[in-house]
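Here's the structure, in C-alpha cells; my notes come after.
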C-alpha cells in the first residue's frame, strides 16, 4: 500500500513541476492591454514578435495575449503577409 502512495506523490510532484514550467513561459498580461494600443499591420517589427522562427502565428498560450487581441494580431499578420510586409514562411 505504501508503494501506491509513493507513486501518487511522485506523479503529483511531476505534474506540479510541469505546470510551473509552463506558467513561467507565458506572459501574465496582454501586451496590447498593458500598452493600451491596437495591433497594426504596418508595424512589422512588432508583429514579428508574435511569429515563430518558422513564420507561424504563436498560439495564445505562448504569446500571452487576451482573446480579443489574439484575433486582432492574427488578422493583422495576415494583412501584412498579403501586402508583402511579412513573410508567409521563413526558410532556414
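Bear in mind that the values in this text are calculations on the coordinates, not laboratory data. This is a predicted model, so every value here is computed, not measured. Glycine also receives a Cβ, built like all others from the backbone with ideal geometry; neighbour counts cover every protein chain displayed.
Using Cβ contacts closer than 10 Å as the measure, can you line up 76, 13 from fewest to most?
Numbers: 76 22, 13 10.
Ordered by Cβ neighbours within 10 Å, fewest first: 13, 76.
Arrange the following residues from fewest to most other Cβ atoms within 10 Å of their Cβ: 77, 57, 48. List each step's numbers first, then the result.
Numbers: 77 23, 57 17, 48 14.
Going from least to most buried by this count: 48, 57, 77.
Residue 82 versus residue 49, label points 7 Å from Cα toward the beta carbon: distance in nm?
The answer from the label model is 2.5 nm.
Quick one: Cα convex hull volume of the stretch 28-83, Å³ per residue?
With only Cα atoms used, the stretch 28-83 gives 74 Å³ per residue.
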